[in-house]
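Participant: Got a structure here, written out as structure tokens. Questions coming.
Taken together, the values in this text are just the output of simple stated rules run on the coordinates, not laboratory data. Computed from a prediction, not measured in an experiment: that's the story for all the values here. Cβ atoms come from the backbone with ideal geometry, glycine included; neighbour counts cover every protein chain shown.
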């Protein structure tokens with residue numbers, strides 16, 4: 001086999017492998033995921049997350065003026081309120097916790 005035949009064989013094999021790769025990538029269904037994306041508009045912060053079971057997604061909406069968060073769950077084509085929480089008591093608790101004390105200096 002001379003170099004011309006070898007080059008044609010290598011190029012033909014490479015083209016077949018690339019064609020199969022393109023066909024496999026285009027034929028497989030792909031699911032669009034938006035986990036961890038966050039958006040802020042005015043006094044609202046919205047983010048999404050994925051649950052532990054299949055086809056379960058969560059939408060978190062926080063109202064920063066009233067310090068409340070609502071958790072909505074998408075299952076299939078349905079949407080339902082999963083949980084709601086008032087964050088104001090948590091913010092007050094964290095502000096009451098004592099900070100680290102600085103070591104006493106020499107006088």
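Participant: How do the peptides 60-67, 82-89 rank, highest first, by the average count of neighbouring beta carbon atoms within 10 Å per residue?
Facilitator: On the way: 60-67: 13.6, 82-89: 12.1.
By packing density, highest mean first, the sequence is 60-67, 82-89.
Participant: Students often check this: by mean Cβ neighbours within 10 Å, which of 14-24, 41-51 ranks highest, and how do the rest follow? Don't jump to the answer; show the numbers that get you there.
Facilitator: Values: 14-24: 9.9, 41-51: 12.6.
Averaged packing, sorted descending, gives the order 41-51, 14-24.
Participant: Using label points projected 7 Å from each Cα along Cα→Cβ, tell me how many nm separate residue 47 and residue 64, to one decimal.
Facilitator: 1.3
Participant: For the range 41-88, what does the alpha-carbon gyration tensor say about shape, rounded, prolate or oblate, given a ≥ b ≥ c as the root eigenvalues, a/c under 1.5 as rounded, and a/b over b/c as prolate?
Facilitator: Numbers: a/c = 2.62, a/b = 2.14, b/c = 1.23.
Verdict is prolate for the range 41-88.
Participant: Here's another thing I want to ask about it. Residue 85 to residue 40: extension gain in nm, 0.36 nm per residue of separation minus the Cα-Cα distance? Provide the component values of the computation, followed by the final result.
Facilitator: On the way: separation 45, 0.36 × 45 = 16.20 nm, distance 1.89 nm.
Value of the extension gain: 14.3 nm.
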